[in-house]
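Engineer: Dropping a structure here in structure tokens format, bear with me for questions.
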Amino acid sequence: MTFVAGRPGEWRIGPSLLAIAALFGGVVGTVTAGRLEFDTLRGLGTTSLIGIGLIEESCKLIVPVLILVWQWRRGTVHEGDGPLVGVAAGMGFAALETMGYAFTALLASQGNIGDVEETLFLRGLTSPAAHMAWTGLICGALWAAVAARWSLAATVRLVVTFVLAVTLHALWDGVTGRATYVLLAAVSLSWLLVELHRSNTLTWDTPSGRVRRP
């Protein structure tokens, strides 16, 4: 979060808003996704991975969308805020989901703390390349679409970003080899870094005219 926020050279979002994105984004996202995924796993069978990716990437956007609406009503929508809000919401979701996996590992291993530590370590290590990256990318495209007043190019970019994020999510859930995880992590983080660089070199409208972000 600190890295993403520091890219423009200034913090435009306060800690309170980031805390809301992380805490409530995580709680609302995990609870909603958990309920929907229960029905998905029962009904979709082999196609459940795509369904789960679609559900989780959508549910993680509930609180960020509310934050975006609040910013839009205040006239304070900045394209660079999207990735930061998305990373915060993705972090909250990943933290709560990891707690659930750790508890499951504890029960499955009949109290083996080593299994719990391994689960926490692996998921903590990979979460920046998973939920944080994907939600950051989607929110970045969403904020950009609103800033561009839903132009055709920005809207298409949002749809493509969402579809690709869901695809990466489904692939991540479906693979087992470490080399594939490393490849997916590299793709996700590289994509996020490229989008962060792009968003920080664009221009935006101000009352005094169109200026370039420093």
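The values are calculated or read from the model by the stated rules, or taken from the named source; none is laboratory data. Treat the numbers as computed from the prediction; the structure is a model and nothing was measured. Counting neighbours? That spans all protein chains shown, and the Cβs are built from the backbone with ideal geometry, glycine included. The area values use the complete protein model at the heavy-atom level, side chains included, leaving out ligands, DNA and RNA. Shrake-Rupley method; radii C 1.70, N 1.55, O 1.52, S 1.80 Å.
Engineer: Please compute one quarter of the surface area of the Cα convex hull for region 16-156 and express it in square nanometres.
Structural biologist: Orientation-averaged projected area of the Cα hull: 9.8 nm².
Engineer: Shifting gears a bit: Between residue 178 and residue 2, what FRET efficiency follows from the Cβ-Cβ distance if R0 is 30 Å, with the result rounded to 0.05?
Structural biologist: Given R0 = 30 Å and the Cβ-Cβ separation, E is 0.60.
Engineer: I would also like to ask the following. For the chain, what does the accessible surface come to per residue with a 1.4 Å probe? Please give it in Å².
Structural biologist: Solvent-accessible surface per residue comes out at 54 Å².
Engineer: Simple spin-label model, 7 Å along Cα-to-Cβ: residue 107 to residue 16 in nm?
Structural biologist: My value for the distance between the label points is 3.9 nm.
Engineer: With a 1.4 Å probe and every protein chain kept in, tell me what percent of the accessible surface of the chain is carbon plus sulfur.
Structural biologist: Carbon and sulfur: 69 percent of the exposed surface of the chain.
Engineer: Counting helices only, and only those DSSP H runs with n ≥ 4, report the 222 nm mean residue ellipticity of the chain as the sum of -39,500 (n - 2.57) divided by its residues, in deg cm²/dmol to the nearest 500.
Structural biologist: Taking each H run of at least 4 residues, the total per residue is -26000 deg cm²/dmol.
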